[in-house]
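**Q** I'd like to ask you about the structure that follows.
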Amino acid sequence: MEAVFAKPRFGAGFGVEMAAYKRMVVKLGTGVLTSGIGELDLSAMGGICSEIAAAQRSGTELILVSSGAVGLGMGKLGLRKRPKDICTLRTCAAVGQGVLIQTWGELFTPFGLSVAQILLTRNDVDSRSRNAATRELLDDLLRRKIVPVINENDCVSAAELNIKFGDNDVLSALVAALSKSDALAILSTAEGLANFDDGGKIVREVRKIDDSVRSLARGTKSATAVGGMITKIKAAEIATGSGCDVFIASGALADPISKILRGENPGTKFFAKSGSSSMNSKKRWLAYFGRITGRLFVDKGAAKALKEGGSLLPAGISEISGTFKSGDMLEIVDADSKEVVARGLAQMDSEEISKKMKVHPSRAGHKDVAVHRDNLALV
């Protein structure tokens, strides 16, 4: 294994000067970690380890979200295309995950660093108690200078589509939100967000993610990957809303992590939403976690009241989608713009809200609240 570090593809980092971020999530795509189906690129992985060790010396805490398990399993099983049937996909993940975490452990050893494997399903972060437990675990691992290596638990979640993240881009954004990180680096084969209407020129900065930005996204044609730029932009929306700067850059660049921590932009930078980093843990969970069971479409007045810190009254609701109970997670949608303005816990069930929708606020009781402001977060 020593030969891996003799001529690494990446440099040794950036020394021990102060870094731009205190805590960062780094998501590594399958294309960054492999040189072919089932073949890990040990030089690239060794370079990442070197950068993370340097980042720790500078005072930055790093969390890895590592793809590659399914691709490794495909190689072991002699498959050339990502399987479509769930059973084979789970088998690939089970076979490949052990190889992946063992390799990370061996590559970090020369730097005196240990790794901790964390496999997550959507239910693990949507449950408030498990969400808090995962956050506490990450805090403790980082305090002990242990590198968390996170992946989706495809052995389990592939069997139930409703508990999948979709891909590791979205997973990395949710990990960034959960861990209160202030930066997320998504490293893949893409150099950044490309504008194909402008000759494929990389968009260097994005201050606001809107339809014009989303229209630039393209999917992926990789045999081992899922998602593509579409899911990266979705991840950027989640992470920037939780207070993270997000970078999408090529993992083939020399020292991509070090560049970001020096304050450079190696690809496309999405800026964190102003004021979003001050969100407390409960509001953060409400905004980004919990399985949606229904939607409430609200009028302009109600949307304005929510943005000013008010609760949602039944009189401001124009339409209900779905059947839900008190305590279920809901999306609150502006009926005019069709944009989600908030998420929150229902204070009454859908049937009761429906009955009270036409009651004038002056005749509503003080308990007639569909979603209370204490259990609601703007998004």
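**Q** Which of the residues belonging to region 51-81 are under 26 Å from T134 (Cα atoms) and either among the hydroxyl-bearing types (S, T, Y) or free of Cβ contacts under 8 Å to residues at least 12 places away in the same chain (or both)?
**A** Once the filter is applied, which keeps residues that are under 26 Å from T134 (Cα atoms) and either among the hydroxyl-bearing types (S, T, Y) or free of Cβ contacts under 8 Å to residues at least 12 places away in the same chain (or both), region 51-81 yields S58, T60, S66, S67.
**Q** Does G294 meet the test of being within 30 Å of K180 (Cβ to Cβ), of a type outside the set (S, T, Y) and modelled with pLDDT under 90?
**A** no
Results for (1) more than 23 Å from L253 (Cβ to Cβ); (2) without any contact (Cβ under 8 Å) to a residue 40 or more places away in the chain, shown as yes or no for each residue.
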{"position": "L171", "(1), (2)": "no, no"}
{"position": "A177", "(1), (2)": "yes, no"}
{"position": "D182", "(1), (2)": "no, no"}
{"position": "L187", "(1), (2)": "no, no"}
{"position": "E191", "(1), (2)": "no, no"}
{"position": "G199", "(1), (2)": "no, yes"}
{"position": "R204", "(1), (2)": "no, no"}
{"position": "D210", "(1), (2)": "yes, yes"}
{"position": "A217", "(1), (2)": "no, yes"}
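**Q** For region 93-114, which positions are closer than 14 Å to G47 by Cβ and either touching a strand residue (DSSP E or B) at 6+ places or on another chain (Cβ under 8 Å) or open to solvent by 60 Å² or more (accessible area, probe 1.4 Å) (or both)?
**A** The initial filter retains those residues of region 93-114 that are closer than 14 Å to G47 by Cβ, namely 103-104, 107-108, 110-111.
Passing the criteria: T103, W104, F108, P110, F111.
**Q** Considering only helices (runs of 4 or more DSSP H) fully contained in region 67-174, which possess at least 1 residues that are acidic (D, E) and either modelled with pLDDT of 90 or more or in contact with a Gly (Cβ under 6 Å, 6 or more places away or on another chain) (or both)? Quick ask: steps written out before the conclusion?
**A** Numbers: elements: 69-77, 86-108, 122-126, 128-143, 154-157.
Those helices (runs of 4 or more DSSP H) span 86-108, 122-126, 128-143.
**Q** Any chance you could count how many residues in region 267-312 are within 22 Å of D210 (Cα to Cα) and open to solvent by 50 Å² or more (accessible area, probe 1.4 Å)?
**A** Residues in region 267-312 being within 22 Å of D210 (Cα to Cα) and open to solvent by 50 Å² or more (accessible area, probe 1.4 Å): 9 in total.
**Q** Within region 117-138, take every residue that is of a type in the set (A, V, I, L, M) and open to solvent by 20 Å² or more (accessible area, probe 1.4 Å) and give me the one that is nearest to T103 (Cα to Cα). Reasoning before the result, please.
**A** Going through region 117-138, the residues of a type in the set (A, V, I, L, M) turn out to be 118-120, 125, 132-133, 137-138.
Right, trim to open to solvent by 20 Å² or more (accessible area, probe 1.4 Å) and you get 119, 132-133, 137.
Numbers: L119: 16, A132: 29, A133: 27, L137: 22 Å.
By that ranking, first place goes to L119.
**Q** Being in contact with a Phe, Trp or Tyr (Cβ under 7 Å, 6 or more places away or on another chain), closer than 29 Å to N123 by Cβ and touching a residue at least 24 places away in the same chain (Cβ under 8 Å) narrows it down to one of T293, T323, so name that one. Steps first, answer last, please.
**A** Details: T323 fails: in contact with a Phe, Trp or Tyr (Cβ under 7 Å, 6 or more places away or on another chain).
The conditions single out T293.
**Q** Looking at the structure I just gave you, is G46 closer than 23 Å to A252 by Cα, open to solvent by less than 30 Å² (accessible area, probe 1.4 Å) and in a helix (DSSP H, G or I)?
**A** Working: closer than 23 Å to A252 by Cα: yes; open to solvent by less than 30 Å² (accessible area, probe 1.4 Å): yes; in a helix (DSSP H, G or I): yes.
So G46 passes the test.
The values are calculated or read from the model by the stated rules, or taken from the named source; none is laboratory data. Keep in mind it's a predicted model, so treat the numbers as computed, not measured. Glycine also receives a Cβ, built like all others from the backbone with ideal geometry; neighbour counts cover every protein chain displayed. The area values use the complete protein model at the heavy-atom level, side chains included, leaving out ligands, DNA and RNA. Shrake-Rupley method; radii C 1.70, N 1.55, O 1.52, S 1.80 Å.
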